[in-house]
Amino acid sequence: MFIGPENYALARNISSSGYVKVSQGQEARVGQFPHQLLLTTATGYPICGAALITSIFALTAAHCVIGRTPSKLMIQSGRHRRSSDGSNLQKVPVKNMVVHEHYNYKTHSNDIAMLLLSRELNFDAYTSPIHVPINNTRYEEKAQVSGWGRIAEGGPLSDALLWAEDGLKQKLLIISLKSSVQRVYAAAQSILNLKIQPIQSQ
């Protein structure tokens, strides 16, 4: 269990698949995480979270899209509550996707997929890309997580966007994100024959 400030806690449970599952959190401010996306079906049923990395590319987990058809997926940005759209919401269908070539569904290694949107998202205070670490950045002190996860272990999904921050008890596996993201990003450009803006780095 990761214990944070009194008003939230990160429940760390390692499943048989090796995943670290996070539940609980505190409600985010509107616009606090402008890179946070909601991946849904074309009809709006929520599937997973995602992160905006350019105006037309989003990053999500491979296990969220394996077996799904891109044209039946949608990305939503600027969303705060799942139950109401709000004036900041943008909805864009997914045009194509590329899953990491070395994704392993048994071990969940390289669990990364890139989504190509059907059009560019408009950047504003509620929609903007996250900076992807590409310079061997290590996260060994604190980390933030956000999403519409469960409000308690085994409980219902949160209606509002939640977030939490805490000190790390172990080095995040995200230190390997650099090569994985760049690999999938390059593959996406090559496979989809695109010339697009570079990923923003920090």
* Asked: When ranked by the protection proxy of mean other Cβ atoms within 10 Å per residue, highest first, what sequence do the peptides 74-87, 28-41 form?
  -> 28-41, 74-87
* Asked: How large is ³J(HN,Hα), in whole Hz, for each residue of the range 29-38 in order, when computed from phi with the Karplus curve 6.51 cos²θ - 1.76 cosθ + 1.60 and θ = phi - 60°, using x for Gly and Pro?
  -> 6, 4, x, 5, 10, x, 7, 6, 10, 10
* Structure fact -> The exposure ranking of 57, 123, fewest beta-carbon neighbours within 10 Å first, is 123, 57
* **Stretch gain in nm, segment residue 145-residue 107, where the contour uses 0.36 nm per residue and the Cα spacing is subtracted** => 11.5 nm
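Just so you know, all these numbers are worked out from the coordinates, no wet-lab data involved. The structure presented is a predicted model; accordingly, all values stated were derived computationally and were not measured. Positions of Cβ are generated from backbone atoms using ideal geometry, with glycine treated the same way; all protein chains shown enter the neighbour counts.
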